[in-house]
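So the structure is just underneath, and the comments pick up after that.
Please treat every number below as a calculation from the coordinates, not as lab data. Please read all numbers here as calculations on a predicted model, not as lab measurements. All Cβ positions, glycine included, derive from the backbone under ideal geometry; neighbour counts span all protein chains shown.
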Amino acid sequence: MYDVVVVGCGPAGAMAVKRCAKLGLKVLGLEKYPLPRHKPCAGVLYPRVLEDFDVNRETVASQVIGVKIVAPSGTYATVEFSEPGAVVYRKKFDYALVKKAIKAGGVVSDDCRVLAVHQSKNTCKVVLKNRIIEAKYVIAADGVYSIVARSLGKPWSKENLAITIQAYLKVSPEDRKTIGKHFEVHYNALTTPGGWTWIAEREKDIVVGLGYPLKYLKTGKELEEKLLVFIERRFEEKQIIKLETYMLPITGPKKPENLTVGNIVLTGDAGGFIRSDTGEGIYYAMHSGLAAAEAVHETMNTKTPLKEAYLAKIEEHGLKHLYLQTELKTILLDNNKIEKYIKKVKKLSERFK
């Protein structure tokens, strides 16, 4: 019997395992893939991630010195960071977090695919292929396709998801200079309705992707076609190494009443902790993992209802604002509004240089 089983060992899960261990809980992390494992993601960390967490140098692919947001007309605004952020190799970054969780006293088992999670009044049963593991609490950090959420009857619906495609490129030194270590984000209501296109520079390659809500997808081929057109226009010399697609929750966190069910807590992409206007998720995933672990610990020690404890910890970790609509989110289906917004940001950024 474990105090806590954490399903999924990405940023949310690894942070949950580490915090549970440091709080003195008997914790087991389960990762369905052999570690280290690949994770489709641009890997952009804004400076706040480096401020709040210790990021291993060997996981960093490049610095990020600011964000460049581009309107359909080509008008752009550049926002420089006071301290640099980073682009990380997700395979290395996630594995480093897992190793820190183990060092803190947590136990992690990889290549363990969870089939279902059931709960009675005081016990959660985590069903694997050849065994059942029992725990007092389960923290679900198993991503957008969360098996735990499905077991609870609370999977993401089509309305909540964005579909993305990402390419890894080799480009010329001249093309690389045009990026200038900025995270480049293009907004266009016609090509990426409700979404965006991004470019992130890494040491040996460039990551270019686009995504938008699944409900606006008309054909299965359009994502790749749009991405290839963008790459052709943006770069003079390029070689596409690999393409990959993945889903993101795009409507913000699940309703508060759906983030906990009995003794089970949803975190990371499973809980929807991601910015719906930029797709930024790593920072919020890590904090949601900490919040979940701290909420479980508080419930075990003070008998505070888990739902109440988790919502309080979400607010404490600065995640409550993810429920709010940002100005940017409200304009992503109107190119005229996008143009005005970026011109406004341009004026503000120039004023405060």
Highest GNM mean-square fluctuation, the chain, Cα pairs closer than 10 Å: which of Lys32, Lys343, Lys204?
-> Lys204
Checked the stretch 141-287 against the a/c 1.5 cut and the a/b vs b/c comparison, axes a ≥ b ≥ c from its Cα gyration tensor; verdict prolate
Extension gain Gln325-Ile240, at 0.36 nm per residue separation less the Cα-Cα distance, in nm?
-> 27.0 nm
With a point put 7 Å past each Cα toward its Cβ, work out how far Ser109 is from Glu222 in nm, to one decimal.
-> 4.4 nm
Find how many whole Å separate the alpha carbon centroid of the stretch 138-169 from the alpha carbon centroid of the stretch 1-74.
-> 16 Å
Tell me, what is the percent relative contact order of the stretch 198-311, built from C-alpha pairs under 8 Å that lie six or more residues apart?
-> 16 percent
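Around Leu30, under 9 Å between beta carbons, what's the net of Lys plus Arg minus Asp minus Glu among the other residues?
-1
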Which of the trypsin sites (Lys or Arg not before Pro) across the stretch 99-162 are loop residues per DSSP, with 10 or fewer other Cβ within 10 Å?
-> Lys121, Lys129, Arg131
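Count the net charge of all other residues whose Cβ sits under 9 Å from the Cβ of Gly105, scoring Lys and Arg as +1 and Asp and Glu as -1.
Local net charge: +3.
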Quick one: Kirkwood hydrodynamic radius for the stretch 259-353, alpha-carbon pairs, angstrom, one decimal?
-> 15.2 Å
Over the chain: helical MRE at 222 nm, DSSP H runs n ≥ 4 each giving -39500 (n - 2.57), nearest 500 = -9500 deg cm²/dmol
Could you point to the residue in Thr191, Gly289, Asn263 farthest towards the positive end of the stretch 183-309's charge dipole, with +1 and -1 charges on the Cβ of Lys/Arg and Asp/Glu respectively?
-> Asn263
Would you please classify the overall shape of the stretch 1-142 from the alpha carbon gyration tensor, given that a ≥ b ≥ c denote the square roots of the eigenvalues, rounded means a/c under 1.5, and beyond that prolate means a/b larger than b/c while oblate covers the rest?
-> prolate
To the nearest 20 debye, the stretch 76-198 has a Cα-centred charge dipole, built from +1 on Lys and Arg Cβ and -1 on Asp and Glu Cβ, of 680 debye
Nearest-ten-degree value, helix 335-351 long axis tilted from longest Cα axis of the chain = 90 degrees
In percent, what relative contact order does the chain have, based on Cα pairs under 8 Å that are 6 or more apart in sequence?
-> 22 percent
How large is the dipole of the stretch 1-147 about the Cα centre if only Lys and Arg carry +1 and Asp and Glu carry -1, each at its Cβ, rounded to the nearest 20 debye?
-> 540 debye
For the residue pair Asn336 and Val127, what label-to-label distance in nm results when each label sits 7 Å from Cα along the Cα-to-beta-carbon direction?
-> 5.5 nm
Once label points are set 7 Å from the Cα along Cα→Cβ at both Glu257 and Tyr33, what is their separation, rounded to one decimal in nm?
-> 3.6 nm
Could you tell me whether the stretch 138-183 comes out rounded, prolate or oblate from its Cα gyration tensor? Rule is a ≥ b ≥ c as square roots of the eigenvalues, rounded for a/c under 1.5, then prolate if a/b exceeds b/c, otherwise oblate.
-> prolate
Quick calc, the stretch 183-295, dipole around Cα centre from Cβ unit charges on Lys, Arg (+) and Asp, Glu (-), nearest 20 debye, gives 340 debye
Give the residues of the stretch 257-287 whose amide nitrogen is closer than 20 Å to a point set 7 Å from the Cα of Met1 in the direction of its Cβ.
-> 262-265
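Can you tell me what the convex hull of the Cα atoms of the stretch 93-207 projects to on average, as an area in nm²?
11.3 nm²
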Provide, as a two-decimal number, the C-alpha radius of gyration of the chain over 2.2 N^0.38 Å, N being how many residues it has.
-> 1.00
With r as the distance between the Cβ atoms of Leu50 and Glu315 and R0 = 25 Å, compute the FRET efficiency 1/(1 + (r/R0)^6) and round to 0.05.
-> 0.60
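Compute the relative contact order of the stretch 36-161 as a whole-number percentage, counting only Cα pairs closer than 8 Å that sit 6 or more residues apart in sequence.
19 percent
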10 Å binning of all Cα-Cα separations within the stretch 26-88, expressed as whole percents from 0 upward = 17, 35, 30, 13, 4, 1
